[in-house]
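The values are calculated or read from the model by the stated rules, or taken from the named source; none is laboratory data. Source: prediction; values computed, not measured. So basically every Cβ, Gly included, is an ideal-geometry build from the backbone, and we count neighbours across all protein chains shown.
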Amino acid sequence: MLSKKQKEHQKLIVYQIYPRSFKDSNGDGIGDLNGITEKLDYLKELGINAIWLSPCYKSPNEDNGYDISDYRDIMDEFGTLDDWKRMIDEMHKRGIKLIMDLVANHTSSEHKWFKEARKSKDNPYRDYYYWADQPLNDWQSVFGGSAWEYDKATDQYYLHSFAIGQPDLNWENPKVREEMKAVIDYWIELGVDGFRCDVLDYISKDFKLNKMSNGPRFHEFVHELFGRAETEHIFTVGECGLNNAEDIKRLIGADRGELSTVFQFDHIDVGRRSKFAPQPFKLDEIRDRLIKWQTAFQEHDLVGTLFFENHDQPRAVSRFGSEEKRYESATMLAAMSYLQRGIPFIYQGQEIGSIDPHYDSIDDFDDIETVNYYKMNPEKLDEAELIERINFGSRDNSRRPMPWSDEENGGFGGKPWIRAHSGYKDINVAADMSAERSVYKFFKELIALRTNNEAFTDGVWENLTGKRDGIYIYRRYTDSESYIVVCNFENESVLDIDYTGECVLSNSGIREINGVYAPYECAVYKQNDCTRK
Ligand code: GLC
Ligand code: CA
């Protein structure tokens, strides 16, 4: 049985905003908080009820805000704390919750704590970070190169699991934990409804077993942060690389006082050898991983997350669907994912079927991970191959300014901080919303279907796919409602399950059941007799 809180969380439909690229309200080419406030009606209309905002705190932007120099204030380019207060008020007026990004594993090297810490070995902030005379191990930073950086002032090395400008906080130090609790409470006081916790499993390291994340004190630390009266009512989702149901249960089980839910990446790691290297795959593999986790989460009374995209991933249509059949594949992937059991997360631009842009030069990329990969060129590829890899895997694929219209730079605002999407003339909000086959309209219908029928929010999930290739069929039901979701990935398929029903959502316009599905066709049927299997 799920707890009352878990049941509430299943009703969330979260939209992720990458503020730098969402809407520029004052023409300086950088998205900002007032831009978000301007667009809340657009989001309300879509039907979402929560926003996860990527970091908007003060930052020198070595990793676009994931390097925080002041946890309690807003980045100048994004506006002021008053703008933030207006934004959250306007969200709440519309019944939209605000989930802030909590970057707890590291600060910016420009943060006061680190500026102090690096001054001398006996500085009071020294132990806020990890220091050593020599690198303690051969850990590699996620963005390439050694995770240990030499710092001349004190002739020691510090640990950074990510960029050089993102020194890891030493969570073994109780003062660090107190600081982070105070940061959480500060934002809760100001009215936030939850946190998305960045690379949270990195906060406990295992120097003995040589593991950078998910160390022995991980659960203890998370419990200390979120198992408190002050945090009881908030929603938390962790970005964690846990890949076993028992471990996940220890983190998000209802009785644990740790997190509400977790992002896992198993299903989107299909189709690539590494971030920048594609490999052949079938959608069946993704389906099988989804089925595996749907089964495990249901068996263990856990609530998971449903997503294909975020600000670190290329666009799902380009990776898993078809750019030629953009409408069909964007909508099918949405139905396949978001009607399952769990909490949907939509990334900005996904609701209009965005695809990856394409550029010929590294100069059109900004992301630190991408630029480091280009510089290091670990597989010694020639220039053309390297640029192809980058077009495939770069995080900038999903970080281009949101195209609102076909006006210059997609009507984003001023000349954008990063080159506009190469395809904004064709794919933009205004064009999609007025198209006959509109991805936005399909998302809206899908969200309404999910929101208005308990079978999708709280119902049982049952896999009906059988041993078929190229198709995913599942059922969602309660005692009084039952729906069947059919998604075709590849060739025409014949559906030979014996059921009757009324089609309530379709991306082909075909509303009767004829057992034949075109490529990327999806349909949802309401079963008249909900007791049958
Ligand atoms: C997470 C974020 C990513 C960031 C990294 C370091 O993976 O999603 O964007 O670069 O953490 O904070
Ligand atoms: Ca701006």
Test result for SER394, under 22 Å from LEU46 (Cβ atoms), among the small types (Gly, Ala, Ser) and more than 16 Å from ligand 2 (Cβ to nearest atom):
no
In the set ASN61, ASN49, which member is polar (S, T, N, Q) and within 16 Å of ligand 2 (Cβ to nearest atom)?
ASN61
Got at least one residue in the stretch 143-163 being over 27 Å from HIS311 (Cβ atoms), part of a loop (DSSP other than H, G, I, E, B) and away from ligand 1 (no atom under 16 Å from the Cβ)?
yes
For the stretch 67-83, enumerate the residues that are away from ligand 2 (no atom under 12 Å from the Cβ) and touching a strand residue (DSSP E or B) at 6+ places or on another chain (Cβ under 8 Å).
ASP67, ILE68, SER69, ASP70, TYR71, ARG72, ASP73, ILE74, THR80, LEU81
Restricting to the stretch 399-425, what's the tally of residues that are among the acidic types (Asp, Glu), part of a loop (DSSP other than H, G, I, E, B) and more than 21 Å from LEU46 (Cβ to Cβ)?
1
Contacts under 7 angstrom Cβ, first residue in the stretch 19-46 being among the hydroxyl-bearing types (Ser, Thr, Tyr), partner within 12 Å of ligand 2 (Cβ to nearest atom), 6 or more apart
SER21/GLY31; SER21/PRO401; SER25/ASP32; SER25/ASN34; SER25/GLY35; SER25/GLU38; SER25/GLY413
I need the full set of residues from the stretch 140-150 which are crowded, with 18+ Cβ neighbours inside 10 Å and either over 13 Å from GLN166 (Cα atoms) or of a type in the set (Phe, Trp, Tyr) (or both), in order please.
PHE143, TRP148
Give the stretch 357-398 a look and list any residue that's among the charged types (D, E, K, R) and in a loop (DSSP other than H, G, I, E, B), or say none.
ASP360, ASP366, ASP367, GLU379, LYS380, ASP382
Tally up the residues in the stretch 227-250 that are more than 20 Å from GLN264 (Cα to Cα) and either aromatic (Phe, Trp, Tyr) or in contact (Cβ under 8 Å) with a residue 40 or more places away in the chain (or both), please.
4
Count, please, the residues in the stretch 345-356 that happen to be hydroxyl-bearing (Ser, Thr, Tyr) and in a loop (DSSP other than H, G, I, E, B).
1
Inspect the stretch 262-271 for any residue being modelled with pLDDT of 95 or more, buried (at least 23 other Cβ atoms within 10 Å of the Cβ) and not aromatic (Phe, Trp, Tyr) and give the result as yes or no.
yes
From PHE195, PHE207, PHE221, PHE235, grab the single residue that is surrounded by 21 or more Cβ atoms within 10 Å (Cβ to Cβ) and over 22 Å from GLN298 (Cβ atoms).
PHE195
Only one of these conditions is not met by TYR150: (1) of a type in the set (Ser, Thr, Tyr); (2) away from ligand 2 (no atom under 16 Å from the Cβ); (3) out of contact with any Asp or Glu (no Cβ under 8 Å at 6 or more places or on another chain); (4) assigned by TED's automatic domain parsing to the domain that holds ASN34. Which number is it?
(4)
Just one of GLU239, GLU258 is over 16 Å from the mean Cα position of the chain (by Cα) and not polar (S, T, N, Q); which is it?
GLU258
Would you confirm, using the coordinates I've provided, whether SER108 is hydroxyl-bearing (Ser, Thr, Tyr), within 14 Å of ligand 1 (Cβ to nearest atom) and touching a Pro at 6+ places or on another chain (Cβ under 8 Å)?
yes
